1. Please give the number of the condition Asn62 fails out of (1) of a type outside the set (A, V, I, L, M, F, W, C); (2) surrounded by 14 or more Cβ atoms within 10 Å (Cβ to Cβ); (3) modelled with pLDDT of 95 or more; (4) more than 25 Å from Ser24 (Cα to Cα).
2. Within the stretch 130-151, work out how many residues are touching a Gly at 6+ places or on another chain (Cβ under 9 Å) and crowded, with 22+ Cβ neighbours inside 10 Å.
3. Among Gly97, Gly106, Gly102, Gly68, which is the only one that is at pLDDT below 95 and out of contact with any helix residue (DSSP H, G or I) (no Cβ under 6 Å at 6 or more places or on another chain)?
4. Based on what the data block shows, is Asp48 loosely packed, with under 14 Cβ neighbours inside 10 Å, of a type in the set (Asp, Glu) and part of a helix (DSSP H, G or I)?
5. Any residue in the stretch 35-57 that is of a type in the set (Asp, Glu) and closer than 12 Å to His8 by Cα?
6. Would you confirm, using the coordinates I've provided, whether Leu42 is assigned to a loop (DSSP other than H, G, I, E, B) and in contact (Cβ under 8 Å) with a residue 24 or more places away in the chain?
7. Count, please, the residues in the stretch 75-104 that happen to be touching a strand residue (DSSP E or B) at 6+ places or on another chain (Cβ under 8 Å) and crowded, with 20+ Cβ neighbours inside 10 Å.
8. What number of residues within the stretch 131-151 are without any contact (Cβ under 8 Å) to a residue 12 or more places away in the chain and among the hydrophobic types (A, V, I, L, M, F, W, C)?
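The values are calculated or read from the model by the stated rules, or taken from the named source; none is laboratory data. Predicted model, so just to flag it, every value in this text is computed and none were measured. Cβ coordinates were reconstructed from backbone atoms using ideal geometry, including for glycine residues, and neighbour counts include every protein chain displayed.
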Amino acid sequence: MTTLLIVHHTPSPNCQAMLEAVISGATTPEIENVRVERRAALSATASDVLSADGYLLGTPANLGYLSGALKHFFDQVYYPCLDETRGRPFGYYVHGGSDVTGAVRGIESITTGLGWRRTAEAVTVTGEPDRADIQACWELGATVAAGLMEP
C-alpha cells in the first residue's frame with residue numbers, strides 16, 4: 001500500500017472547504033491501496049514526508065506568500081528529505097483573498113528545489129470557492145491519489 005501525505009494550513013472556512021474536497025477526492029472508493037494521511041503543517045515532520053509516496057499541499061496566501069505554517073514545514077523537512085524524496089509526485093492548492101501569485105511562486109520554487117514532480121494542475125482560488133473550485137479540489141485529490149495506485 002502506498003501513502004499520500006496531505007500537509008495543510010487551514011485557518012479559514014474557505015480553506016477548510018477546499019481541504020475537505022481534496023480529502024474526499026483522494027479517498028474516493030475507486031482509489032484502492034492508497035492510505036491518506038493528514039497533517040497540519042505545524043505538526044508534519046520529516047518522518048511523515050519520508051514515509052509517504054506522494055504529497056498534497058494546501059495553504060492560504062498570506063501577505064503575498066505561502067502561509068508561515070507551510071513555510072515552517074518546508075524549513076523543517078527540506079534538508080532531511082532532499083535526497084530521499086527526489087522525483088516523488090505532488091499537487092497543491094492555494095486560497096487567497098485577492099492574489100495567490102507569491103504563494104504559488106514559493107511552492108513551485110521550494111518543490112523544484114526538492115526535486116518533487118507536480119502531477120496535477122494546481123488549484124488556486126481567490127475569494128469564496130464556488131462549486132467549480134470545490135470540484136477542482138476534489139479532482140486534485142483524486143488525481144494525485146490515483147497516481148499512487150499500484151498496478
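1. Every listed condition holds for Asn62 apart from (3).
2. The total comes to 6.
3. Only one candidate passes the filter, namely Gly97.
4. Considered against the rule, which asks whether it is loosely packed, with under 14 Cβ neighbours inside 10 Å, of a type in the set (Asp, Glu) and part of a helix (DSSP H, G or I), Asp48 comes out as no.
5. First, pick out the residues of the stretch 35-57 that are of a type in the set (Asp, Glu): 37, 48, 53.
Of the ones still in play, those that are also closer than 12 Å to His8 by Cα are 37.
Looking through the stretch 35-57, at least one residue is of a type in the set (Asp, Glu) and closer than 12 Å to His8 by Cα.
6. Answer is yes for this residue.
7. Number of matching residues: 10.
8. Qualifying residue count for the region: 1.
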